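The block underneath contains the structure these notes are about, expressed in structure tokens.
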Amino acid sequence: MIHLVATSNLLAPAERSSVTTLVAALSARGYRVTQAQLFSNHEHTASPATQRSTEILRALQAGKVVLDLSGGNYANEVLELLIPALPESPFPTIMGYSDLTSVLVPVAAQRPTIWYQARHATYPTGRTEAFFDLLAGRNQQLLEPHVYQLRGPQHPVEGVLIGGNLRCLLKLAGTPYFPDLRSKILFLEARSSDPAALIPQLAQLQHMRVLEQARALLLGTFTTFEKHHDLAELLTIFNRFVPKHVPIFRSDELGHAPDTAGIALGARYRLDGDHLRLLEDICLIPGPSGF
């Protein structure tokens, strides 16, 4: 079973067709789909935080994979209601991206989460088969995007991967939910990422003394920045803030574009040159029952 939610901003009516297409595709493959409130006629709104957190908890307790279809600004409102109430026993996977970083990262401290926007799977350029292969447990190719190394020693790096959208990860700064980055692979991407936003955000991580703790840095795409600047300029900015002993890798396949891949947060990976390999099986629903 699958439950659709909007933990961040409610979707605009214009986005209804993408949800309808996703539901039809899931249903055609035999999945039972339920959904929370997803839409609003008012821009930049969200349903009450209590409602959003309750929807997720009830779905997990009912054995449903949670696909979050939203983005925006409101996701971190649910943290105090959601995280302490998560089931103690293994629970199904939560999948989302962008603003959901602020929820996926704390949940990943207990159970791997998946950084991916499920609506992208129905777009013409989306990774449709890889998405449904992951749901069906056939393979995990969606979660192993192509990477390449930008700097640092040329040797394999292993570690638990954590991170997501840079702006939304920083919402966790100063809270109990900011991840422990010691020996972790830190994944960062951004949509609104002009230098005036990117530089202060990286400075904040530097001031927190967390970049030096990471075993490696994996950069996705930085949409706004890369419309006007090349990758060398992006690396120059990161070199200002990331200590030299931390190798930096890059994937052109992780970001906000419809053809983006996904990645598992809280799961162990191996980075080796142009290979990113997931070192564990991600079971979307724990136990033998599956879907």
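Considering only segment 230-279, state which residues are in contact with a Phe, Trp or Tyr (Cβ under 9 Å, 6 or more places away or on another chain) and under 23 Å from residue 103 (Cβ atoms).
251, 254, 255, 256, 258, 260, 261, 262, 263, 264, 265, 278
What residue, of 240, 209, 277, is more than 24 Å from residue 69 (Cα to Cα) and assigned to a loop (DSSP other than H, G, I, E, B)?
209
From the list 66, 5, which one is among the aliphatic types (A, V, I, L, M) and out of contact with any Asp or Glu (no Cβ under 8 Å at 6 or more places or on another chain)?
Values: 5 fails: out of contact with any Asp or Glu (no Cβ under 8 Å at 6 or more places or on another chain).
66 is the lone residue from the list that is among the aliphatic types (A, V, I, L, M) and out of contact with any Asp or Glu (no Cβ under 8 Å at 6 or more places or on another chain).
For segment 129-187, give me each residue that is farther than 30 Å from residue 29 by Cβ and among the acidic types (Asp, Glu).
Within segment 129-187, 158, 180 meet the criteria.
Please go through segment 1-34 and give me each residue that is farther than 29 Å from residue 283 by Cβ and part of a helix (DSSP H, G or I), ordered by number.
Step one: list which residues in segment 1-34 are farther than 29 Å from residue 283 by Cβ, which gives 9-10, 12-17.
If the condition is that a residue be farther than 29 Å from residue 283 by Cβ and part of a helix (DSSP H, G or I), then 13, 14, 15, 16, 17 are the ones that fit.
Pull up segment 27-57, narrow it to residues that are over 19 Å from residue 74 (Cβ atoms) and in contact (Cβ under 8 Å) with a residue 24 or more places away in the chain, then point me to the one that is surrounded by the fewest Cβ atoms within 10 Å (Cβ to Cβ).
30
Based on this model, can you work out whether residue 183 counts as of a type in the set (S, T, N, Q), under 30 Å from residue 67 (Cβ atoms), part of a loop (DSSP other than H, G, I, E, B) and outside the structural domain of residue 123 (by TED's automatic domain parsing)?
On the way: of a type in the set (S, T, N, Q): yes; under 30 Å from residue 67 (Cβ atoms): no; part of a loop (DSSP other than H, G, I, E, B): yes; outside the structural domain of residue 123 (by TED's automatic domain parsing): yes.
Taking the combined requirement at face value, the residue does not satisfy it.
For segment 35-53, indicate whether the set of residues that are modelled with pLDDT of 95 or more, of a type outside the set (Phe, Trp, Tyr), more than 22 Å from residue 264 (Cβ to Cβ) and in a strand (DSSP E or B) is non-empty.
Yes, because at least one residue in segment 35-53 is modelled with pLDDT of 95 or more, of a type outside the set (Phe, Trp, Tyr), more than 22 Å from residue 264 (Cβ to Cβ) and in a strand (DSSP E or B).
Select, from 78, 103, the only residue that is over 26 Å from residue 221 (Cβ atoms), β-branched (Val, Ile, Thr) and crowded, with 21+ Cβ neighbours inside 10 Å.
The unique qualifying residue is 78.
Which members of segment 7-57 meet the condition of being closer than 26 Å to residue 84 by Cβ, out of contact with any Gly (no Cβ under 9 Å at 6 or more places or on another chain) and hydrophobic (A, V, I, L, M, F, W, C)?
The answer is 36, 38, 49, 56, 57.
Return a yes/no flag: does segment 169-185 have any residue that is modelled with pLDDT under 95, out of contact with any Cys (no Cβ under 8 Å at 6 or more places or on another chain) and under 21 Å from residue 99 (Cβ atoms). Lay out the reasoning, then the answer.
Just the residues of segment 169-185 that are modelled with pLDDT under 95, to begin with: none.
No: segment 169-185 contains no residue that is modelled with pLDDT under 95, out of contact with any Cys (no Cβ under 8 Å at 6 or more places or on another chain) and under 21 Å from residue 99 (Cβ atoms).
Among the strands (runs of 3 or more DSSP E) contained in segment 93-165, which hold 1 or more residues that are within 13 Å of the chain's Cα centre (by Cα)?
Where strands (runs of 3 or more DSSP E) fall fully within segment 93-165 and carry at least 1 residues being within 13 Å of the chain's Cα centre (by Cα), they are 94-96, 113-115, 157-165.
If residue 100 satisfies all but one of (1) touching a Leu at 6+ places or on another chain (Cβ under 6 Å); (2) within 17 Å of residue 53 (Cβ to Cβ), what's the number of the condition it fails?
It fails just one condition, (1).
Out of the residues in segment 212-237 that are among the hydrophobic types (A, V, I, L, M, F, W, C) and in a strand (DSSP E or B), which is farthest from the chain's Cα centre (by Cα)?
Only one residue fits best here, namely 216.
The values are calculated or read from the model by the stated rules, or taken from the named source; none is laboratory data. Since the model is a prediction, treat every value here as computed from it, not as a measurement. Ideal geometry is used to build each Cβ from the backbone, glycine not excepted, and the neighbour counts take in all protein chains shown.
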